[in-house]
Amino acid sequence: MFGCAIMPAVPPVEIENLTKRFGSVEAVKDLSFDIEPGRVTGFLGPNGAGKSTTLRALLGLVRPSAGSATFDGHHYEQLDRPSTHVGAVLEDAAFHPGRSGRNHLRVLAVTGDHPQSRVEEVLGIVGLTDAADRPAKGYSMGMRQRLAIASALLGDPQVLILDEPTNGLDPPGIAWMRDLVRGQAREGRAVLISSHLLAEVAQSVDDVVIIAKGRLRARGTLEQVLGGDEGTSTEVRAREIDRLAQSLQAHGHRVQRDGEALLVLGVAPEQVGEVAAAERVALRYLAPRARSLEAAFLELTADDGAPAWEVPA
Amino acid sequence: MSMLLRAELLKLRTTRTFVALVGSALGLSLLSVVLVVLLNDSFTETDSRELFTSDFSPLFILVLGIMGLAGEWRHRTITGTILAAPDRLRLLSAKVLAYAAAGALLSAIVTVSIMVVGSLLLSIGDKTTVGIADLADVLWRNLLIAALLGALGVCVGGLLRNQIVAIVGVLVLWFAVEPIVYGLDPDVGKYAPIGYAPNGILGFIPFTEDKPLDEVTAILVMLGWIGLFFALTAQTLRSRDLV
């Protein structure tokens, strides 16, 4: 039996020419991107880049100065029972210190008209059942984060917005979060995840949006952004390293010295190997070296005046 | 709207604050009634009726109402609350109704308790008691005042946002500013929102022979104050960015 997935005409999340000014400060400038169902999108940028402002504009917590941020074409405030459409975990998720985790979720369940049985389900999903009756003031940071995630999952939403979701989680907690996020995407949900932990993001996301100073710097799949304008590079080591470098340059390749190795930019190992064979240079090591997300991020956010670029699909 | 109202009432029930304030209001009100009965030998029917207005719940529900909305900023829960209920006007309306209901409930508990204990003490001391009709009349007035002040507290808390400033501010207004204004010009002072307009609903101004606003005017004045603060709070809440 075959199913037919119908792609929605309107993206589940669409940010269009979003601008937000606080007085004379432009926190977000003419920002546009969208995210797709069934994929995890990493939303990256240095501190003060405008990530949180963008997410808050999307969630109706701040009013855009221009442009729009919508879910299925609707502003957050226009959504009927918003928790069934969107689940959000913001960086400063807070709870009444005297209210237990279970009661916090019960209040949200009543607000969103969800059955009380769903409270027990999400407590189980985040592993907080045993601590559910303790006041939130006694929760560790990781437990608070799990409670925030339980709140976001309560309405079984089709879109998840997660701002720094691994804050306060220990390594097993981070791995759990990664599995949760990937699982949500596998079930067809659109996930937008903002984080400063680039290595962690690199393991979780399908797509990447990078902003700096409120402007879009890059967007595309993770592979496209990591490839950037250089593509995959090749690390090569040889006894006659200087002669190999000259030969590679003579073939028009760009070469960087990296200690005892050469880094040949934008070239696959096969091509480097062919040059070495032709020049009869014995190789000691030959392997591709992918650009790390951190390297891509630093390059893309280093130059304030750099134009935004979009990786072609 | 009904879901928001239910959620706000559930919020009230799921912290110890409401229970603590009911206990405090009840304890203080009972103490006041017991002391007044024991320390006074003679009671007219008016004295006995006024005794049952010794309901401290309006003070506590006003504070609770302030905490109901200002506390959302204090505990930084306002973001989550607005994410769950993004229509800020409906959220404010639900809070106002919830705290009005809580005020009426708190006052019902306290007023009935002091009526039972006070009537018992008056009977034991062979002093003048109050009939059922008069007790019922005092009860609805107490309930209405507590409900109105609960609603007003929410609006004040939402407008000022700083819980401590709001609570101290209304206490200063109640116990210092309003009496001063009333002393300077009773015709102006009797419209004051926290002490003197509610006295119009009660039908007397404690410790004076002065005539307060009539009850219908007093109710309208209180609704006017609530409407004013509601409008200011709604405007502030709707236009404010939550960063």
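The values are calculated or read from the model by the stated rules, or taken from the named source; none is laboratory data. Values in this document were obtained by computation on a predicted structure and should not be read as measured data. Virtual Cβ from ideal backbone geometry, glycine too; neighbours counted across all protein chains shown. Side chains are part of the model used for accessible areas, which takes the heavy atoms of the whole protein and leaves out ligands, DNA and RNA. Shrake-Rupley method; radii C 1.70, N 1.55, O 1.52, S 1.80 Å.
Listing for the model above:
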item: Checking A:Gly101 against (1) more than 8 Å from chain B (Cβ to nearest Cβ); (2) touching a Lys or Arg at 6+ places or on another chain (Cβ under 9 Å); (3) over 22 Å from A:Lys213 (Cβ atoms); (4) open to solvent by 20 Å² or more (accessible area, probe 1.4 Å), the condition it does not meet; result: (4)
item: Some residue of the range B:67-83 being of a type in the set (S, T, N, Q) and open to solvent by 30 Å² or more (accessible area, probe 1.4 Å); result: no
item: Among the candidates A:Phe22, A:Phe43, residue that is more than 16 Å from the chain's Cα centre (by Cα), of a type outside the set (S, T, N, Q) and either within 10 Å of chain B (Cβ to nearest Cβ) or under 28 Å from A:Arg144 (Cβ atoms) (or both); result: A:Phe22
item: Qualifying residue in the range A:64-75 (condition: more than 8 Å from chain B (Cβ to nearest Cβ), free of Cβ contacts under 8 Å to residues at least 24 places away in the same chain and in contact with a Gly (Cβ under 8 Å, 6 or more places away or on another chain)); result: yes
item: Residue satisfying condition, being over 17 Å from A:Ala94 (Cβ atoms) and open to solvent by 30 Å² or more (accessible area, probe 1.4 Å), within set B:Ile124, B:Ile114; result: B:Ile124
item: Tally, over the range A:76-91, of residues that are open to solvent by 50 Å² or more (accessible area, probe 1.4 Å) and without any contact (Cβ under 8 Å) to a residue 60 or more places away in the chain; result: 3
item: Verdict on A:Ala27 being open to solvent by less than 30 Å² (accessible area, probe 1.4 Å), touching a strand residue (DSSP E or B) at 6+ places or on another chain (Cβ under 7 Å) and part of a loop (DSSP other than H, G, I, E, B); result: no
item: One residue from A:Ala49, A:Ala69, A:Ala57 being in a loop (DSSP other than H, G, I, E, B) and either among the hydrophobic types (A, V, I, L, M, F, W, C) or within 30 Å of A:Ala199 (Cα to Cα) (or both); result: A:Ala49
item: Candidate set from the range B:1-53 (those that are surrounded by fewer than 16 Cβ atoms within 10 Å (Cβ to Cβ) and not in a helix (DSSP H, G or I)); member that is nearest to the other protein chains (Cβ to nearest Cβ); result: B:Met1
item: Failed item in (1) under 26 Å from the mean Cα position of the chain (by Cα); (2) within 14 Å of another protein chain (Cβ to nearest Cβ); (3) hydroxyl-bearing (Ser, Thr, Tyr), with A:Thr111 passing the rest; result: (1)
item: Which listed residue, of B:Ile61, B:Ile66, is at pLDDT 95 or above and in a helix (DSSP H, G or I); result: B:Ile66
item: Output for the range A:72-86, where each listed residue is part of a loop (DSSP other than H, G, I, E, B) and not basic (Lys, Arg); result: A:Asp72, A:Gly73, A:His75, A:Leu79, A:Asp80, A:His85
item: Some residue of the range A:121-134 being open to solvent by 10 Å² or more (accessible area, probe 1.4 Å), of a type in the set (Ser, Thr, Tyr) and away from chain B (no Cβ under 11 Å); result: yes
